[in-house]
């Protein structure tokens, strides 16, 4: 009789272990670098770098000229040191770069005026690259493509 009870307990324990393993396999992604891009405090999109979702794009136009673009970047839950964001053209040439002090937390934004970005685009239409760099990421990371078109659509993916 004791052997039967111990076999039942072992079977139930094994079943519980299997259920737990199945549930934890569907947990959300945690850790790694992530970033968020906002236009006037409205989320454009956010992304985990390690998820390899590809580079997303959004549009800016004349209607956005007085708006503010803000970037938040997290290195595994920690803020970066020696942070900067840059706008690059299609040939990877840096058109403008903004430098920011060391952040105390990941809620420290890096912000610039959209008008400054739009003024960099010599043609009426085209794509620019939004690139983040820091002491932790000296080679830089392209965060997004910015489509400059004059229509003023703010967030297309």
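Key figures
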read-out: Spin-label pair residue 108/residue 66, simplified geometry with 7 Å Cα→Cβ offset, distance in nm; value: 3.1 nm
read-out: Cβ-based exposure ranking for 94, 106, in which fewest neighbours within 10 Å come first; value: 94, 106
read-out: Normalised contact order of segment 34-148, rounded percent, pairs of Cα under 8 Å and 6 or more residues apart; value: 30 percent
read-out: Segment 34-148: Rg to Rh, with Rh as the Kirkwood radius over Cα pairs; value: 0.93
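Values in this text are rule-based calculations from the coordinates and carry no lab data. If you're wondering where the values come from, they're calculated on a predicted model, not measured in any experiment. Using ideal geometry, Cβ is built from the backbone for each residue, glycine included, and neighbour counts are taken over all protein chains shown.
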